[in-house]
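Below you'll find the structure, written out as structure tokens, and then a few comments.
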């Protein structure tokens with residue numbers, strides 16, 4: 001332990017700082033780059049716009065980070081989002097009640113999360129199994145969405161303006177959805193840091209065997225994390241349908257990859273005591289800024305995907321360098 | 001007892017025969033030569049991709065990039081073959097897959113990056129790159145020589161199926177009778193032990209990923225023969241379709257198991273199931289759920305027995 005500390009102290013230099021605060025540095029670089037090369041970047045309107053752009057990815061990333069902390073990986077989020085969106089709008093059109101729509105979406109999301117977690121519990125999965133389980137589950141969720149909608153586009157009833165106002169309204173000039181994101185972020189941060197269940201998630205992620213020996217039922221905590229991720233997908237679905245007013249089975253296509261990139265670029269790592277909502281926020285801001293700046297510079301959407309991939313690879317390299325320098329913190 | 005144990009080795013093949021007999025009895029369309037040709041013909045593209053996946057899995061590398069690599073190879077093939085002919089296009093497509101495979105292998109071994117995440121990052125990026133090459137459109141495959149090769153058949157047996165069989169034999173030969181193949185099993189079974197035995201595990205893995213990517217690329221190129229064009233969505237379901245083939249064929253997610261013969265049987269099973277769903281008119285959207293459920297069952301069956309003894 002002593003030796004380790006000395007090594008970390010010696011390594012406190014520019015490289016060490018860069019590797020540890022990858023997301024933060026990227027944000028600063030992006031802001032500098034954007035203010036030089038993109039017109040209208042440093043305007044209040046643009047930042048307001050940015051705040052509402054990052055909401056859906058932000059909510060998904062919150063769930064993704066929690067799953068990533070317990071050494072899982074939820075590739076089903078995007079398609080679960082589609083399923084929740086379709087169900088929510090159908091229920092909303094049927095009952096004209098926002099609460100029922102929300103509850104139905106949450107039930108579907110939590111159900112898919114529960115299925116992910118339950119399968120993981122049955123096969124006593126470790127980190128790498130959850131990639132495959134959730135990949136298969138995403139196909140099931142996509143099929144469910146197609147069966148539910150019969151492949152059609154569902155429109156929100158035009159008289160449900162109260163539902164659409166969830167996304168349209170604003171509080172003190174900040175859009176409602178951004179407020180939802182911030183409140184949700186603070187709540188999850190509090191739960192992760194200050195409650196027993198949150199701390200146990202970190203233990204399970206760091207070493208699920210040791211946590212099990214210490215009296216924590218690791219399997220159950222992994223399951224809770226997946227259920228929470230499903231709930232986040234449902235919440236994102238509500239925000240998304242409120243904004244667009246329509247839903248189809250391809251609504252959430254590929255959203256999970258953005259959430260994964262944001263989680264990892266922000267610097268989260270399984271069981272890392274410093275990973276959490278702050279780093280998730282860094283990652284989300286980073287990805288939002290990249291999209292914002294590249295949209296302003298008229299960069300093709302496919303090139304944007306390649307750029308995101310390269311940034312993810314650089315972030316992974318930073319993580320591996322960090323690991324080789326000793327210690328997770 | 002001994003006979004039963006011997007027979008159980010061929011349980012996948014026996015399942016194929018029983019399933020075929022069942023469909024032969026209950027569906028008049030199944031027994032036709034056309035259907036036979038169709039099943040064999042559809043085995044080649046994703047069969048090659050599955051072989052590639054298996055090749056990576058033997059050394060313990062889950063190459064999730066294969067779907068995107070199939071797409072990239074097909075797009076490069078389509079674009080190059082338009083002006084330089086199909087041989088040059090084929091080579092360019094395979095070379096593109098090999099380059100990405102080499103990059104993926106080097107990053108996950110020599111640079112010690114998380115192998116899963118590297119393949120997922122490339123899965124996103126390579127497809128984006130392929131779409132960027134196409135600039136949002138599709139490329140039509142009009143090369144007459146290529147289309148002729150893809151549709152050549154001897155009786156009801158397509159030429160491509162024979163090529164597939166030759167590849168299976170070749171891959172099995174490499175895995176079983178060469179020094180490199182044996183070291184692949186050693187690396188997949190237990191990398192640390194293999195390293196202490198003097199095997200250069202990084203080198204073995206990088207070569208495995210390159211071969212795996214090349215096979216996936218070849219598969220992707222021949223998907224275009226059936227579609228007549230290459231677009232950005234090509235091979236989007238390759239992982240979902242190929243993972244069950246590989247795992248049913250005896251490979252394991254942890255590595256160190258599996259051979260090409262088994263993958264051939266797994267490929268046949270999955271194709272028969274697809275044929276069943278089409279012949280018996282299973283609702284098209286329900287087919288997605290069934291495909292996902294099969295993949296889930298395969299994962300559970302593989303992992304449940306492996307982790308049965310341990311508690312956490």
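Some notes on this structure:
- Dividing the helix sum by the residues of chain B, where each DSSP H run of 4 or more adds -39500 (n - 2.57), gives a mean residue ellipticity at 222 nm of -25500 deg cm²/dmol.
- Think of it as helices only: each DSSP H run of n ≥ 4 in chain A is worth -39500 (n - 2.57), and spread over all residues that comes to -25000 deg cm²/dmol at 222 nm.
- C-alpha center-to-center spacing [segment B:219-233, segment A:186-214] in angstrom: 47 Å
- Per-residue mean of foreign Cβ neighbours for A:158-166 is 0 (Cβ atoms of other chains, 10 Å radius).
- Reciprocal of mean inverse Cα separation for segment B:147-300 (Kirkwood radius, Å): 17.6 Å
- Segment A:287-315-segment B:35-106 distance, computed between alpha-carbon centres (Å): 26 Å
- Ranked by the mean number of other Cβ atoms within 10 Å per residue, highest first, peptides B:48-54, A:211-217, A:93-99, B:101-107 order as B:48-54, B:101-107, A:211-217, A:93-99.
- When the square roots of the Cα gyration tensor eigenvalues are ordered a ≥ b ≥ c, the ratio a/c for chain B is 1.5 or more and a/b does not exceed b/c, which makes its shape oblate.
- Peptides A:307-314, B:124-131, A:292-299 ordered by average Cβ neighbours within 10 Å, highest first: B:124-131, A:307-314, A:292-299
- Segment A:7-156 shape via C-alpha gyration tensor axes, a/c threshold 1.5: oblate
- Here the relative contact order of chain B, from alpha carbon pairs under 8 Å that lie six or more residues apart, stands at 32 percent.
- The Cα atoms of segment A:222-297 give a gyration tensor whose axes a ≥ b ≥ c have a/c of 1.5 or more with a/b no greater than b/c, which makes the shape oblate.
- Cα-Cα pairs of segment A:18-78 separated by more than 13 Å (percent): 73 percent
- Residue with peak Gaussian network fluctuation, chain B [Cα springs, cutoff 10 Å], from B:117, B:215, B:234: B:117
- The mean number of partner chain beta-carbon atoms within 10 angstrom of a residue's beta-carbon across peptide B:127-133 is 5.
- GNM result for chain B, Cα springs below 10 Å: residue of B:110, B:283, B:22 fluctuating most strongly: B:283
- Segment residue B:14..residue B:152, full-extension length gain: 46.7 nm, with 0.36 nm per residue of separation and the alpha-carbon distance subtracted.
- In terms of other Cβ atoms within 10 Å, A:118, A:277 run from fewest to most in the order A:118, A:277.
- Using the Cβ-Cβ distance between residue B:3 and residue B:200 with R0 set to 45 Å, the FRET efficiency works out to roughly 0.55.
- The value for the protein assembly as shown of Rg(Cα) / (2.2 N^0.38 Å) is 0.98.
- Computed over chain A with a Gaussian network model linking Cα atoms closer than 10 Å, the most mobile of A:149, A:244, A:61 is A:244.
- Cα pair distances of segment A:174-220 binned at 5 Å [whole percent]: 5, 21, 20, 15, 12, 10, 8, 5, 3, 0
- Peptide-level mean, for A:319-325, of C-beta atoms on other protein chains within 10 Å: 3
- Using all pairs of distinct alpha-carbon atoms, the Kirkwood hydrodynamic radius of chain A works out to 20.5 angstrom.
- Of the peptides A:169-182, B:158-171, B:75-88, A:127-140, the ranking by mean beta-carbon count within 10 Å, highest at the top, reads A:127-140, B:75-88, B:158-171, A:169-182.
Each value in this text was obtained by applying a stated rule to the coordinates, not by laboratory testing. Predicted model only: the values in this text are computed from it and were never measured. Cβ atoms come from the backbone with ideal geometry, glycine included; neighbour counts cover every protein chain shown.
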